[in-house]
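Just so it is clear, none of the values below were taken in a lab; they were calculated from the coordinates. Keep in mind that this is a model prediction, so the values were computed, not measured. Neighbour counts are summed over all protein chains in view; Cβ atoms, including those assigned to glycine, are modelled from backbone coordinates with ideal geometry.
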Amino acid sequence: MRAVRKDRPRGPSSRKERGAWVVLALLVVAILAAAGLLALSMMPGDWGSEEQGPPDRSEPAVNGPVPAAVAPAPDLASEPEAFDERPYDLNDQAISALEDGRFDQAVEWLEEAAAARPDVAVFGANLGEAYLRRARAGEGGPDAAIDDFEAALEWIEDAERRAQIEGLQRRARLLRDEERDFVVEPTLHFTFKYDGSRGELASGVDRLKVLLEDTYQEFGEQFRRRPVEAGEGRIEVILYDAEGFDSVTGLGDWAGGVFDGKIRVPVEDLRSELRFARVKSVLRHETAHAFSHSIGGAAVPSWLNEGVAQWLEEPARRESAVEIARAKLGASALFPLSRLDGNLVGWEDRAEVARAYDQALALVDHLSVQYGADLVFSMIAACREGGVGGAAEHFRERTLVELDAVLGDLADTLYR
Ligand SMILES: [Zn+2]
């Protein structure tokens, strides 16, 4: 974007030429701005479910350098030209700010650009995108996000995107209403949020805080990364009652918990040891997703993500959990791995979802027994650079074996 600035006409020598210059400048800038708009529109999809994970902010949509505009050298001796470059400069700077995650600054600059030149549609469209990105980052809290979604809707015209934004805004309202009176209790690495008036939670939450801090250290060793020390915020843990969880996630009671950038878990009563133990393993599972996302980004294949999360749930009971999964898998053919790369939440057949989870656990266990758990964790890390195929690629590089062949080995051990 910046290459154009020096090519922008500065000194037309006659009134007629000046008119031509302005037209050319507008044309060039409109093309460049359109490129900026395109870049801003390439946003990750909505992320409402456990398997998808939050958008990967490490991959901002960046448009490539724009070729220098074809323009004759300006006549430096002529009178200064009246064309105001500032809105275009602000637009360029705002795009850089957005890519760096400086949303407030981007909004401020684009508001100024759009106010100065209401006739340049792309400034308004970019402003809409800036509001949207700030809302999705959610740094200003739910009320600010809801306002930003509203502001984005004033500028974004595409019907499909508007429907998506309205959905996000609805969800933001639900979250705000559900969590309005929640207490916020930070520990070293987590922020717990829950309804403090629920006496059945209080002492249990204190125990969970201690357990989860231990889990953080344990996972930090295994994943070889500590997200908070690496500069990320504390991991949020939000405890709902069953109804609140359903209304916020839309998942109903079949889901034990969700990680969508925050850990959300339905909790009925922590005074019962049985329920406490259940919540504890759900929290370990979702915390594993938080670590996976921290090292691998949004592209970690579901089978690897879910396999590792289950594998880490209850180390003391891992062996029996794996045996149960293997026994259930013995009855029919395994899914090809490519079917288990994407989101499993969208699958309609619950029995198939259960089989997918069993296969994920059995395969991760098989890999860690045959090749070492370190390799499994480094496969997750490889997805940050290599995308969804990064895990298989990394495995092939390290072992000279195809992952599909390992799946065949696993099948042989099941059906023998
Ligand atoms: Zn999971």
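Sequentially through the stretch 112-127, phi angles give Karplus couplings (6.51, -1.76, 1.60; θ = phi - 60°) of 5, 5, 5, 6, 5, 10, x, 7, 9, 4, 5, 5, x, 5, 5, 4 Hz, Gly and Pro residues having no value and appearing as x. Could you tell me whether the stretch 300-416 comes out rounded, prolate or oblate from its Cα gyration tensor? Rule is a ≥ b ≥ c as square roots of the eigenvalues, rounded for a/c under 1.5, then prolate if a/b exceeds b/c, otherwise oblate. Cα axes put the stretch 300-416 in the rounded bin. The 3J(HN,Hα) values that the Karplus relation (6.51, -1.76, 1.60; θ = phi - 60°) gives for the stretch 230-236 are, in residue order, 7, x, 7, x, 4, 7, 7 Hz. Gly and Pro appear as x. Under the simplified labelling scheme, the Asp412-Arg224 pair shows an inter-label distance of 2.9 nm, with each label point 7 Å from Cα along Cα→Cβ.
Calculated FRET efficiency, Glu157 to Trp254, Cβ-Cβ distance, R0 = 41 Å: about 0.60 to the nearest 0.05. Residues whose amide H lies under 5 Å from that of Tyr240, counting only those 5 or more places away or on a different chain, are Val265, Val267; hydrogens are built 1.01 Å from N in the peptide plane.
Label the stretch 129-250 by shape, choosing from rounded, prolate and oblate, from the square roots a ≥ b ≥ c of the eigenvalues of the Cα gyration tensor; if a/c is under 1.5 it is rounded, and otherwise prolate applies when a/b is larger than b/c, oblate when it is not.
oblate
Here the Karplus curve 6.51 cos²θ - 1.76 cosθ + 1.60, taken at θ = phi - 60°, turns the phi angles of the stretch 133-139 into couplings of 5, 5, 4, 5, 5, x, 6 Hz, with x standing for Gly and Pro. Taking amide hydrogens as placed 1.01 Å from N in the peptide plane, the amide H of Phe192 sits under 5 Å from those of Glu185, Thr187, Val237, each at least 5 positions away in sequence or on another chain. Extending 7 Å from the Cα toward the beta-carbon at both Ala333 and Ala116 defines two label points whose distance is 6.3 nm.
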